[in-house]
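Notes follow once the structure below has been shown.
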Amino acid sequence: MAAKIIIEATTLKIIRIIPILKHQEHYDAATLKEIIRGCKEFNHRYQKAFYEKYFGFALKIVFRYIYRYERAIDVTNDGFVKVFRGFEVFESRDDTELQKVLMGWMRRIMINTAIDELRKNNMIPEIGALPDYIWEEPDRNGAADQAILYKELIAEIKKLPPSYRVVFNMYVIDGFSHQEIADKLGISVGTSKSSLSKARMHLQKYINRNSPEAGICKM
């Protein structure tokens, strides 16, 4: 099984799916269950279909943490390897909530993979940008992401010091509590709150310039 995972990981590195597919389809619960079942069996055809559908969703999550495009792709692919490996234990009891549960589960994996990468590199700031077509491509899988991930706001988040940026992403966008952030980053809850407050101050200035009535978040 380990050999299969390595083979699939290598395949993913080659495929990369650039540019992101223009013919994404909406999967009903039955189709999605079939694809997940195929992924659990390490069926390459089903893995490829799953990867093609959710690559854009996953890359946008990772890119909030890793701002070098080529590295973000690598980290996203690393995350997909973990997803395929983790399918063995993934389950959703309610078919009507299958995609929602799946995407929430994938989101956590992608975030953790990105944080591991930042930790490994001592949270060195990343530089770069996603190509414009990534932002123009409709993401049919994440309405909440679409409401937040404006290209301009991401550009402002990019300017934050790495530690502030990670805390802001985790708390405001990805819904982690300060205790969870502290545990994952090895910092105190107070440091997490302080980093969020400083990130908010910077981003609120940007919001005030562009939409005076809008607010970033509350701690």
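Using a/c under 1.5 as the rounded threshold, could you call the stretch 53-114 rounded, prolate or oblate? The axes a ≥ b ≥ c are square roots of the C-alpha gyration tensor eigenvalues, and prolate needs a/b larger than b/c, oblate otherwise. It is prolate, given that a/c is not under 1.5 and a/b is the larger ratio. Among H178, H44, sorting on how many other beta-carbon atoms sit within 10 Å of each Cβ, with the fewest leading, yields H44, H178. Full extension of the chain between R45 and E180 gives 45.0 nm of extra length, using 0.36 nm per residue less the Cα-Cα distance. For the stretch 64-94, state which GluC sites (Glu not before Pro) are in a DSSP loop and have at most 12 other beta carbons lying within 10 Å of their beta carbon. Answer by residue number: E88, E91. Going by neighbour counts of Cβ atoms within 10 Å, the residues M103, M110, M201 line up, fewest first, as M201, M103, M110.
Listed cross-link partners K40/K158; K60/K198; K100/K198; K120/K158; K48/K184 are compared with a 28 Å cut-off, the Cα-Cα value being larger for K40/K158; K100/K198; K48/K184. Cβ crowding within 10 Å, taken as a proxy for footprinting-reagent exposure, orders E41, E156 from fewest neighbours to most as E41, E156.
Laboratory data are not the source of any read-out in this text; all were calculated from the coordinates shown. Just so we're clear, the structure is a prediction, and the values are computed from it rather than from any experiment. Every residue, glycine among them, receives a Cβ derived from its backbone with ideal geometry; neighbour counts consider all protein chains shown.
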